[in-house]
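Readers should treat all values here as calculations from the given coordinates under stated rules, not as data from a laboratory. Since the model is a prediction, treat every value here as computed from it, not as a measurement. Heads up, the Cβs are rebuilt from the backbone with ideal geometry, glycines too, and the neighbour counts pull from every protein chain shown.
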Amino acid sequence: MQESALFEYVLRLSDDSLILAQRLGEWCGHGPILEEDIALTNISLDLIGQAISLYDFAADLEGKGRNHDQLAYLRYENEYKNVLLVEQPNGDFAMTILRQFFFDAFRLPLYEALMQSPEEQLAAIAAKSVKETRYHLKHTSEWVIRMGDGTEESHQRAQAAIDHLWRYTHELFYEDAHDQSLQAAGKVPSMAEIQAKWMATVTSILQEATLEIPKNNWKFDGGREGRHSEHMGYILSDLQYMQRAYPNMEW
Amino acid sequence: MTQAEKEIRFQEKIDREIKIEPNDWMPDEYRQTLVRQISQHAHSEIVGMLPEGNWITRAPNLRRKAVLLAKVQDEAGHGLYLYSAVETLGTSREQTIDDLHSGKAKYSSIFNYPALTWADIGTIGWLVDGAAIMNQVALCRTSYGPYARAMVKICKEESFHQRQGYESLMKLCSGTPQQKAMAQDAMNRFWWPALMMFGPSDADSTHSDQSIKWKIKRFTNDELRQSFVDATVAQAEILGLTIPDPNLKWNEARGHYDFSEINWEEFWQVVKGNGPCNKERLAARVKAKEEGAWVREAATAFAKKRAMKKSA
């Protein structure tokens, strides 16, 4: 039970990383300034690296002889367990940065907590990833502040992105029986603890950016259970294209 | 000192292999030639991100995806150093980019060809970066200091790009018949455009003589093209790929490979904007600039606000 709970847990982390990396990769060559083209692809690259380590670990836990590419490329849509937030379209630069900011503000305290996990492999991946994530959060926080306190247009765009994405943020803290059994065993932190830290970061950065937390608290979820938005099928069409069109080949 | 004396002293420096630095006196034409050449190179890096970037989401496995991301990111970095090198000559990045968008400045025509299959990504690394390296290794000794120094760093990364491209093709060529066919198809489409990357033949090159005298260029277009063909034939043999030129043959007397005449009409058509992707490439760059305008304005406005707060 614990093995399969941990597999599920690690798969969620992997899928979040992969799908967000896939989205960020779409920016390549189209960024608003060259420096941001580099920054967004760099974050994407870090997330791919994290996904490889996490999928490798998940594959070991599963023990069915699958490798990271088989997990990343050869599952059906409802077997991907990423949150809906990461599959949302890039939109404008404000939408991409806010999506990333909400995610980073969640990932940082999560990795910090997982570094203490008695699951050594998970703790090691968290320790490596935490440094990258700290940098990502710093980068996106700075842009949130710059947009919020920049021009009227940038303020409006940032606020519109927050208003749109807010409904997807609650799912970051999703918990089910898998999480609860791992928490009871002291292997992973409680999501309430992570959510409190996330809220503190979000509140302080949005305040500095003169942006507001939306009053509408309507929540969307489903990703963690494999129910995705319409966007997901298109993401997978691109992601899986080569593996599906040319099955069982080495690249 | 008269203009003529300045020019003599300038040429003496060049002849003695002393690098020209941003604050040194230089003839206007030398400056213009460098601005044209370096900005063209910078634009090639940036436009070159598009055909490869379009495969990032479709890369066949996670390792290849990571390598491709890293490579395209390097290219953005090269664009940055080169735009900075142009700035040392007194032309801003903004101006340089505007010249690209207006069609005044050019970029390497190779990027006006489409990247249609995964094999194209390996082939671009092998042939296109390979051809670029032939040019760029020579540019590490170019007479203008900032350009030469930028090229040293760029060459190191480009040679990694070429190796990863070749390695990726090795995989295809030792794979299934479908993979091998994919690699051969990419070779067939990219061979001639890669040879065109060295520019017009020496007889038709308008800028060559003066550039060689100023040691901006060290070798002529045809010399570099020949070196590239000579180096590439053996690499193609190892892969088991056929170079699409029935006249390609070792010439013992010359000590070089002979090869067919390039289709210069196609070359000039693509330069003039009639390649398969010229319009799409430029449109993508213009769109990125226009859609990013509010981001750059926000950053500037924010920096001003913060500076005022600090001084208050």
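Key figures for this structure:
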quantity	calculated
Choice from B:263, B:112, B:278 with maximal GNM fluctuation in chain B (Cα, 10 Å cutoff)	B:263
Listed peptides B:286-296, A:14-24 by packing density, highest first (mean Cβ within 10 Å)	A:14-24, B:286-296
Options B:148, A:32, A:245, ranked by Cα towards positive dipole end of the protein assembly as shown, top entry (Cβ charges)	B:148
Exercise: per-residue mean of other protein chain Cβ atoms within 10 Å, A:18-29	5
The protein assembly as shown - charge dipole about Cα centre, Lys and Arg +1 at Cβ, Asp and Glu -1, debye rounded to 20	840 debye
Derived scalar couplings ³J(HN,Hα) [segment B:198-210; Karplus, 6.51 cos²θ - 1.76 cosθ + 1.60; whole Hz; x for Gly, Pro]	7, x, x, 5, 3, 4, 10, 8, 6, 9, 4, 4, 5
Packing-based order for B:268-276, B:72-80, A:2-10, using average beta carbon neighbours within 10 Å, highest first	B:72-80, A:2-10, B:268-276
Relative exposure of A:191, A:147, judged by other C-beta atoms within 10 Å (fewest first)	A:191, A:147
D (Stokes-Einstein, µm²/s), Kirkwood Cα radius, the protein assembly as shown, 1.567 mPa s at 4 °C	50 µm²/s
Farthest toward positive dipole pole in the protein assembly as shown [+1 Lys/Arg, -1 Asp/Glu at C-beta], among A:2, B:246, B:76	B:76
Selected from B:175, B:103, B:255 as most flexible by GNM, with chain B as the system and alpha-carbon contacts under 10 Å	B:255
Dipole moment magnitude, nearest 20 debye, chain A about Cα centre, only Lys, Arg, Asp, Glu C-beta charged	220 debye
Highest-first arrangement of A:77-87, B:198-208, B:22-32, where packing means the average Cβ count within 10 Å	A:77-87, B:198-208, B:22-32
Tilt relative to chain A, helix A:34-62 - C-alpha long axis, 0 to 90 degrees, to 10	30 degrees
For residues of A:242-250, the mean tally of beta carbons on other chains within 10 Å	4
Interchain or long-range residues, amide H under 5 Å from residue B:256's placed H	B:251
Residue-count net charge about residue B:286 - beta-carbon cut-off 13 Å; Lys, Arg +1, Asp, Glu -1	0
Shielding by other protein chains, A:79-86, mean Cβ within 10 Å	0
Loop GluC sites (Glu not before Pro), segment B:226-270 (other Cβ atoms within 10 Å of the site Cβ: 10 or fewer; DSSP)	B:252, B:261
Of B:286, B:169, B:62, farthest towards positive along the dipole that unit charges on Lys, Arg, Asp, Glu beta carbons give chain B	B:62
Between segment B:120-198 and segment B:56-76, the alpha-carbon center distance in angstrom	15 Å
Separation of alpha-carbon centers, segment A:114-153 and segment B:242-312, rounded to whole Å	34 Å
Nearby lysines by direct alpha-carbon distance to residue B:272 (threshold 19 angstrom, same-chain neighbours under 8 apart not counted)	B:104, B:106
Candidates per GluC sites (Glu not before Pro) in segment A:212-241, loop by DSSP, up to 13 other Cβ within 10 Å	A:212, A:230
Chain B: translational diffusion in µm²/s, Stokes-Einstein, Kirkwood Rh over Cα pairs, 10 °C, 1.306 mPa s	75 µm²/s
Angle between chain A longest axis and helix A:191-208 axis [Cα atoms, degrees, rounded to 10]	20 degrees
Net charge of Cβ neighbours under 10 Å - reference residue A:44; Lys, Arg +1; Asp, Glu -1	0
For chain B, built as a Gaussian network whose Cα springs stay under 10 Å, the top-fluctuating residue of B:164, B:226, B:235	B:235
